[in-house]
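The values are calculated or read from the model by the stated rules, or taken from the named source; none is laboratory data. This structure is a prediction, so every number in the text was calculated from the model and none was measured. With ideal geometry, Cβ positions are generated from the backbone for all residues, glycine too; neighbour counts draw on all protein chains shown.
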Amino acid sequence: MPTTHTELVNSPTPIPQQPTTFTLGIRTHTGEAVTQFQRFQEELMHLIIVSEDFQVFQHLHPRYLGEGQFQVTTTLPQGGRYTLIADYKPAGAKETVAMLPVAVQGTPPAAPAPIAQTTQVIDTTAVELKLPQPLKAGLPVAVAFRLRDASTQQPLPDLRPYLGEAGHLVILRATTPLKPSDYLHAHALDRQPKETIVL
Ligand SMILES: [Cu+2]
């Protein structure tokens, strides 16, 4: 059981391709605002926004307003159902993950078929996923990503840590509605980035 309660204070109805402001309030179960938070991965709150079909994924850092409230403005590209995943650490308590459903006006376009290849090109970077097989539930697994320049196939010369880590990995179970146990956030084993990042 989380020790805090997370809610959307301003319950907006987002419109696709228009900025929306989300205000999140963190309270204790007796209703008082939680006002002390511990920074982790350099931020007080990490907010993942993901569409139900996984076509939209954002990782944002809401601004702390005081009195237990965080605020962020973002633009969601298409209609449909989304989940806001708020990840934060109240001072002296465990990391807390809260799922907040949000509906964006309109319906999403049909999602493309899931990607089956283990290499994807993102901008100019080729990212290759290396997963040991078979995967077994309940056992630790090393997930590796090899990063190369997509045109030259050479290692990237200028990788730097981001938010204090060489790599951040978010894994979500494809299910509706998402629960905190369907969300996993891991970091690279090594602090210094290199060609292959293992998490
Ligand atoms: Cu973050």
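With respect to V170, determine if the residue is in contact (Cβ under 8 Å) with a residue 60 or more places away in the chain and aliphatic (A, V, I, L, M). Against the criterion (in contact (Cβ under 8 Å) with a residue 60 or more places away in the chain and aliphatic (A, V, I, L, M)), V170 qualifies. Scanning the stretch 49-72 for residues being in a strand (DSSP E or B), over 23 Å from I115 (Cα atoms) and away from the ligand (no atom under 16 Å from the Cβ) gives a total of 3. Between residues in the stretch 70-90 that are among the aromatic types (F, W, Y) and residues that are in a loop (DSSP other than H, G, I, E, B) and crowded, with 20+ Cβ neighbours inside 10 Å, which pairs lie under 6 Å by C-beta distance while being six or more apart or on different chains? Final answer for the pair search is F70/P62. Listed by position, the strands (runs of 3 or more DSSP E) enclosed by the stretch 151-199 that each have at least 1 residues that are out of contact with any Lys or Arg (no Cβ under 7 Å at 6 or more places or on another chain) and within 16 Å of D87 (Cβ to Cβ) are 168-172, 183-187. In this structure, A93 does not satisfy being surrounded by 12 or more Cβ atoms within 10 Å (Cβ to Cβ) and either of a type in the set (F, W, Y) or within 16 Å of the ligand (Cβ to nearest atom) (or both).
One line per residue, one yes/no per condition, for (1) surrounded by fewer than 18 Cβ atoms within 10 Å (Cβ to Cβ); (2) of a type in the set (G, A, S):
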site: I15; (1), (2): yes, no
site: P19; (1), (2): yes, no
site: F22; (1), (2): no, no
site: A33; (1), (2): yes, yes
site: Q55; (1), (2): yes, no
site: Q58; (1), (2): yes, no
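Residue by residue, here is whether (1) within 16 Å of the ligand (Cβ to nearest atom); (2) not charged (D, E, K, R) holds:
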position	(1), (2)
A113	no, yes
A116	no, yes
D123	no, no
E128	no, no
Q154	no, yes
Y162	yes, yes
E165	yes, no
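Taking the condition modelled with pLDDT of 95 or more and small (G, A, S), does G79 pass? It is true that G79 is modelled with pLDDT of 95 or more and small (G, A, S). Would you check if there is a residue in the stretch 35-45 being more than 12 Å from the ligand (Cβ to nearest atom), of a type in the set (V, I, T) and within 11 Å of the chain's Cα centre (by Cα)? For the stretch 35-45, residues more than 12 Å from the ligand (Cβ to nearest atom), of a type in the set (V, I, T) and within 11 Å of the chain's Cα centre (by Cα): absent. As a summary of the residue check, Q120 satisfies the conditions (1) part of a strand (DSSP E or B); (2) closer than 17 Å to S51 by Cα except for the one numbered (2).
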